[in-house]
Amino acid sequence: MFFKKRPKTMSERPNVSTETAAADKATENATSASDANPLAAASEAAAEHVMHDAESDGREDVSDLDAQLMAAKAEVAELHDRWLRLNADFDNFRKRTAKEKLELLHFAGENSLKNFIPVVDDMERAIVNNANTDDLAVVKEGFHLIHTKLMHILGSQGVKPMEHAMGKAFDTDRHEAITKAPAPSPDLKGKVIDVIENGYTLHDKVIRYAKVVVGE
């Protein structure tokens, strides 16, 4: 069993101030209380240990949050850079597509028009030949050949003349009535009695209605 040395009183310690004596008294009282109740002392030590652990855990949590924040900022910067690149690529694609579309509209009929140039050449030659000939049959044959060649070119592009509409019932899907005229016979009433301009189709789609005269 251990014996503790009794602290000296103020009367036994010379030259000690009142404040120092009070502090010593408080320490003496605390020591006495601790000695008297060892369970309280253990509880205080455990509380101090828990607070120390909590402070350490708090510092670790802050460090983890800082690392996560830095990682998130790096990810956001990378995603922003990728977005800028994708946006620039899309803008270039849009401009290129618009340019190609414009060129397609301007030159869509290039091949078809090339096919008509030989017909123009034939017409120019026919004009020169007609100026130096008086033979009407030659002139007619030249026009017939040019017309045949032109119709062949149109047919290769899918353009065809409508079937002859004379004597057929008036069809609003294919015919355009210019005027009405008395029908030569009762069976021609409501039917086409004359064709002013023939109609044409492009791959079976009407691109020009036939202008006709309807009997009444």
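The values are calculated or read from the model by the stated rules, or taken from the named source; none is laboratory data. Bear in mind that the values here come from a model prediction, so they are computed numbers and not experimental data. Neighbour counts run over all protein chains shown; Cβ positions are idealised from the backbone, glycine included.
Quick notes
- Look at (1) outside any loop (DSSP other than H, G, I, E, B); (2) exposed (fewer than 14 other Cβ atoms within 10 Å of the Cβ) and you find that residue 173 fails only one, number (1).
- Residues satisfying the stated conditions in the range 183-216, i.e. free of Cβ contacts under 8 Å to residues at least 24 places away in the same chain and more than 22 Å from residue 155 (Cβ to Cβ): 185, 186, 187, 196
- Output for the range 136-156, where each listed residue is among the β-branched types (Val, Ile, Thr) and either over 29 Å from residue 204 (Cβ atoms) or surrounded by fewer than 12 Cβ atoms within 10 Å (Cβ to Cβ) (or both): 138, 139, 148
- Count of the range 163-216 residues which are of a type in the set (Phe, Trp, Tyr) and in contact with a His (Cβ under 8 Å, 6 or more places away or on another chain): 1
- Checklist (1) surrounded by 11 or more Cβ atoms within 10 Å (Cβ to Cβ); (2) more than 50 Å from the chain's Cα centre (by Cα); (3) at pLDDT 90 or above; (4) not aromatic (Phe, Trp, Tyr) applied to residue 133, failing item: (3)
- Scanning the range 160-188 for residues that are closer than 30 Å to residue 113 by Cβ and in contact with a helix residue (DSSP H, G or I) (Cβ under 9 Å, 6 or more places away or on another chain) yields 160, 161.
- Residue pairs whose Cβ atoms lie under 6 Å apart, separated by 6 or more positions or on different chains, with the first residue in the range 158-182 and over 11 Å from residue 210 (Cβ atoms) and the second of a type in the set (A, V, I, L, M), are 158/202; 159/202; 179/213; 180/214; 181/213.
- Failed item, numbered, when residue 97 is tested on (1) among the hydroxyl-bearing types (Ser, Thr, Tyr); (2) at pLDDT below 90; (3) within 46 Å of the chain's Cα centre (by Cα): (2)
- Residue within the range 70-93 that is out of contact with any Lys or Arg (no Cβ under 8 Å at 6 or more places or on another chain), under 30 Å from residue 203 (Cβ atoms) and of a type outside the set (D, E, K, R) present: no
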